[in-house]
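One structure is given here, and the rest of the page talks about it.
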Amino acid sequence: MEERLYDLIFICRPDTPEPEIDKLIATLQHAVDEKQAKLEKIEKWGTRRLAYRVKRLREGFFVYLLLRSSHGELLKELERRLRVSDAVVKYLTIRLDEEIKRQEKFTKRRERRAARRPRKPAAVPASPGAGAPAAPEQAAAKG
């Protein structure tokens, strides 16, 4: 089975002590290690304002994980652990490899279209003496 790349973002209650958040991250990391997957990045973004209220909260402690796995069951297990945690108020999982493939597809299509378009020749700047009207003093001197 091919490896897949996932973003996993979860929001904890703002009053959750940092050691409890670290314990939750360690629990998730243990589950990842059991399935021989890899947590490529773990970032604690801290307390931030929510875009809308979640369970009557206006703020939350954000945690970001970047995960590489070939086991589909792992993601279900991580989501189950987040669901049963009292500290977590919301989580979101995004499969990135499909998005990356989609972006590459659009980039290739854009490049093909650009290659088919006729290119306009670069405009050559006119030299000052060629074809330009003579200055009034020069015209008077000639005549």
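Only the coordinates and a few stated rules stand behind these numbers; no lab work does. Please read these numbers as outputs of a predicted model, since none were measured by experiment. Glycine also receives a Cβ, built like all others from the backbone with ideal geometry; neighbour counts cover every protein chain displayed.
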Taking only Cα atoms of region 4-99, what ratio of Rg to Rh do you get with Rh as the Kirkwood inverse-distance radius? 0.96
Considering only Cα-Cα distances, which of the following residue pairs are longer than 31 Å: 23/105; 23/55; 44/108? 23/105; 44/108
Semi-axes of the equivalent ellipsoid of region 51-91: what are they in whole Å, largest first, if each equals the square root of 5 times a C-alpha gyration tensor eigenvalue? 24, 12, 7
If you take the charge dipole of region 4-99 about its Cα centre, with +1 on Lys and Arg Cβ and -1 on Asp and Glu Cβ, which of 11, 72, 37 is farthest toward its positive end? 11
Sparse-neighbourhood loop sites, trypsin sites (Lys or Arg not before Pro) in region 22-124 - DSSP loop, at most 11 other Cβ within 10 angstrom: 55, 56, 119
Which ³J(HN,Hα) values, rounded to whole Hz and listed in residue order, are derived for region 28-35 from phi using the Karplus coefficients 6.51, -1.76 and 1.60 in 6.51 cos²θ - 1.76 cosθ + 1.60 with θ = phi - 60°, glycine and proline given as x? 5, 5, 4, 5, 5, 5, 4, 8
